[in-house]
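Chemist: Got a structure here, written out as structure tokens. Questions coming.
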Amino acid sequence: MKILITEMIWDEGINELEELGFEVDYEESLWKERERLLIKVKEYDAVIVRNQTNVNQELLSAGHKVKVIGRLGVGLDNIDLHAAKEKGIKVVFGRHANATSVAEYVMAAILTANRPLYLADADIRKGGWDRKQYTGEEIYQKTIGLIGMGEISHRVAKRAKAFGMKVVGYDPFVTEYDHIVSETDVDQLDSLQQLLQISDVVSLHIPLNSATKHLISLRELETMKTRACLINTSRGGIIDEEALAYALKNQLIAQAYLDVLEVEPVSPSNPLLSCKNAVLTPHIAGLTNESQVRTSRLVAKEVGKILKGKVSLCNV
């Protein structure tokens, strides 16, 4: 059986598939060549993607032999799950494989926001020695609010608590007996507004869908503390970027660390590019060498299970 990979994958994933006896065709930039992809996909039994390949009804119809889609990550907004289900195509993903990397990114953003050592270093290299300007603040006893209380939030919570932070969360789909509440002792709040009002740091960990599109708009930003920091490692469309740019420029909030944007790669016209208090990174929160080895191997194994008629625990 043949497997097509349309985006970046680590060698360990390809090796895993070949050891399982599959023929692998890897083209890292094939997602950019839509017409060729639609023709090429007809030959394959499985397709493995990241977040750039638009796996819509058109692609699923063209791939009439495809039995399974593998997603190298956890977000599924680029895959038409309804169309896949109708066609009997399974979708597997890298369940929890990059959760630690994302959690560490969030902590790195929090520490950098409060102690921007790179700015002090740059000042010294220019001849400065301004100890007062670069004094910074402790994160001890600060409050971090987690929007969404899944696996990544759970790992963020454990690390934040190790630094002595107070951790609160909001998620209408989590009960008091879920591990993040009952075992990690995150204070579950009743409303998003309450979380925004009391948090020094707000971190987003939710999927992008019709209910979460522009969940963070001007109204929510006005609710936050003026010294608050907003971190987004989930999906760009969850934040209204025009509203965020306005909030940053008018000091409604202090800082934003954004690993995801509504349009990726970033558009030159994106208003956030002109915000000095916004730090943008190219969708790398879950990208560490360790997480990508885990993700590549896991998705390869799970795709292989489906093709061999077995059950996957990472099936949507």
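The values are calculated or read from the model by the stated rules, or taken from the named source; none is laboratory data. Please read these numbers as outputs of a predicted model, since none were measured by experiment. Cβ: placed from backbone, ideal geometry, glycine included. Neighbour counts: every protein chain shown. Side chains included, ligands, DNA and RNA excluded: accessible areas come from the protein's heavy atoms. Shrake-Rupley method; radii C 1.70, N 1.55, O 1.52, S 1.80 Å.
Chemist: How many residues are modelled with pLDDT under 95 and in contact with an Asp or Glu (Cβ under 8 Å, 6 or more places away or on another chain) if we restrict to the range 202-221?
Modeler: Count: 3.
Chemist: Which condition number does V316 fail, the rest of (1) modelled with pLDDT of 95 or more; (2) more than 22 Å from I14 (Cβ to Cβ) being met?
Modeler: (1)
Chemist: Sticking with this one: Taking the range 124-140, which residues are open to solvent by 100 Å² or more (accessible area, probe 1.4 Å), within 23 Å of S199 (Cβ to Cβ) and either modelled with pLDDT under 95 or of a type in the set (D, E) (or both)?
Modeler: E138
Chemist: Can you name every residue in the range 141-158 that is over 27 Å from K213 (Cβ atoms) and open to solvent by less than 70 Å² (accessible area, probe 1.4 Å)? Steps first, answer last, please.
Modeler: Initially, the range 141-158 is screened for residues over 27 Å from K213 (Cβ atoms), giving 141-142, 158.
Result: K142, single match.
Chemist: Would it be correct to say that N51 is open to solvent by 20 Å² or more (accessible area, probe 1.4 Å) and modelled with pLDDT under 95? Give the steps one after another, and end with the answer.
Modeler: Values: open to solvent by 20 Å² or more (accessible area, probe 1.4 Å): yes; modelled with pLDDT under 95: yes.
Taking the combined requirement at face value, the residue satisfies it.
Chemist: Suppose we keep only residues that are not in a helix (DSSP H, G or I) and not basic (K, R) within the range 89-106. Which one would you say is surrounded by the fewest Cβ atoms within 10 Å (Cβ to Cβ)?
Modeler: Step one: filter the range 89-106 for residues not in a helix (DSSP H, G or I), giving 89-98.
Checking the rest, the ones that are also not basic (K, R) come to 89, 91-94, 96-98.
Values: I89: 21, V91: 20, V92: 25, F93: 23, G94: 25, H96: 17, A97: 23, N98: 24.
Applying the filter and picking the extreme gives H96.
Chemist: Is it the case, given these coordinates, that S296 is surrounded by 19 or more Cβ atoms within 10 Å (Cβ to Cβ), part of a helix (DSSP H, G or I) and not β-branched (V, I, T)? Lay out the reasoning, then the answer.
Modeler: Working: surrounded by 19 or more Cβ atoms within 10 Å (Cβ to Cβ): yes; part of a helix (DSSP H, G or I): yes; not β-branched (V, I, T): yes.
Considered against the rule, which asks whether it is surrounded by 19 or more Cβ atoms within 10 Å (Cβ to Cβ), part of a helix (DSSP H, G or I) and not β-branched (V, I, T), S296 comes out as yes.
Chemist: Of all the residues that make up the range 305-316, how many are within 25 Å of the chain's Cα centre (by Cα) and surrounded by 17 or more Cβ atoms within 10 Å (Cβ to Cβ)? Full working, then the answer.
Modeler: Restricting attention to the range 305-316, the residues satisfying the condition of being within 25 Å of the chain's Cα centre (by Cα) are 312-316.
Still in the running and surrounded by 17 or more Cβ atoms within 10 Å (Cβ to Cβ): 312, 314.
Going through the range 305-316 one residue at a time, the tally reaches 2.
Chemist: Is it true that some residue in the range 274-289 is under 30 Å from F22 (Cα atoms), open to solvent by 20 Å² or more (accessible area, probe 1.4 Å) and of a type in the set (S, T, Y)?
Modeler: yes
Chemist: How many of the residues making up the range 236-265 are open to solvent by 60 Å² or more (accessible area, probe 1.4 Å) and over 22 Å from V74 (Cβ atoms)?
Modeler: The initial filter retains those residues of the range 236-265 that are open to solvent by 60 Å² or more (accessible area, probe 1.4 Å), namely 242, 246, 249-251, 262-263, 265.
Filter again for over 22 Å from V74 (Cβ atoms), leaving 242, 246, 249-251.
Within the range 236-265, residues that are open to solvent by 60 Å² or more (accessible area, probe 1.4 Å) and over 22 Å from V74 (Cβ atoms) number 5.
Chemist: I would also like to ask the following. List the pairs whose first member sits in the range 23-40 and is closer than 12 Å to E58 by Cβ, whose second member is aliphatic (A, V, I, L, M) and surrounded by 13 or more Cβ atoms within 10 Å (Cβ to Cβ), and whose Cβ atoms are under 6 Å apart, counting only residues at least 6 apart or on separate chains?
Modeler: Once the first residue is closer than 12 Å to E58 by Cβ and sits in the range 23-40, its partners that are aliphatic (A, V, I, L, M) and surrounded by 13 or more Cβ atoms within 10 Å (Cβ to Cβ) give L37/L30; L38/A62.
Chemist: I want to confirm something. Restricting to the range 65-80 and keeping residues that are closer than 25 Å to A157 by Cα and open to solvent by less than 10 Å² (accessible area, probe 1.4 Å), which single residue is modelled with the highest pLDDT?
Modeler: L72
Chemist: Is it fair to say D171 is farther than 16 Å from A108 by Cβ and open to solvent by less than 50 Å² (accessible area, probe 1.4 Å)?
Modeler: On the way: farther than 16 Å from A108 by Cβ: yes; open to solvent by less than 50 Å² (accessible area, probe 1.4 Å): yes.
Criteria met by D171.
Chemist: Are any residues in the range 189-213 under 16 Å from the mean Cα position of the chain (by Cα) and surrounded by fewer than 23 Cβ atoms within 10 Å (Cβ to Cβ), and if so, which ones? Talk me through it step by step, then tell me what you get.
Modeler: Step one: of the range 189-213, the residues under 16 Å from the mean Cα position of the chain (by Cα) are 202-209, 212-213.
Selection gives I206, P207, L208, N209, T212, K213.
Chemist: Of A113, A83, A109, A120, which residue is assigned to a helix (DSSP H, G or I), touching a residue at least 12 places away in the same chain (Cβ under 8 Å), touching a Cys at 6+ places or on another chain (Cβ under 7 Å) and open to solvent by less than 40 Å² (accessible area, probe 1.4 Å)? Write out each step before concluding.
Modeler: On the way: A83 fails: touching a Cys at 6+ places or on another chain (Cβ under 7 Å); A109 fails: touching a Cys at 6+ places or on another chain (Cβ under 7 Å); A120 fails: touching a Cys at 6+ places or on another chain (Cβ under 7 Å).
Selected residue: A113, the only one of A113, A83, A109, A120 that is assigned to a helix (DSSP H, G or I), touching a residue at least 12 places away in the same chain (Cβ under 8 Å), touching a Cys at 6+ places or on another chain (Cβ under 7 Å) and open to solvent by less than 40 Å² (accessible area, probe 1.4 Å).
Chemist: Here is a follow-up. Exactly one of these conditions fails for I180: (1) more than 19 Å from I110 (Cβ to Cβ); (2) under 23 Å from the mean Cα position of the chain (by Cα); (3) not polar (S, T, N, Q). Give me its number.
Modeler: With (1) more than 19 Å from I110 (Cβ to Cβ); (2) under 23 Å from the mean Cα position of the chain (by Cα); (3) not polar (S, T, N, Q) applied to I180, the lone miss is (1).
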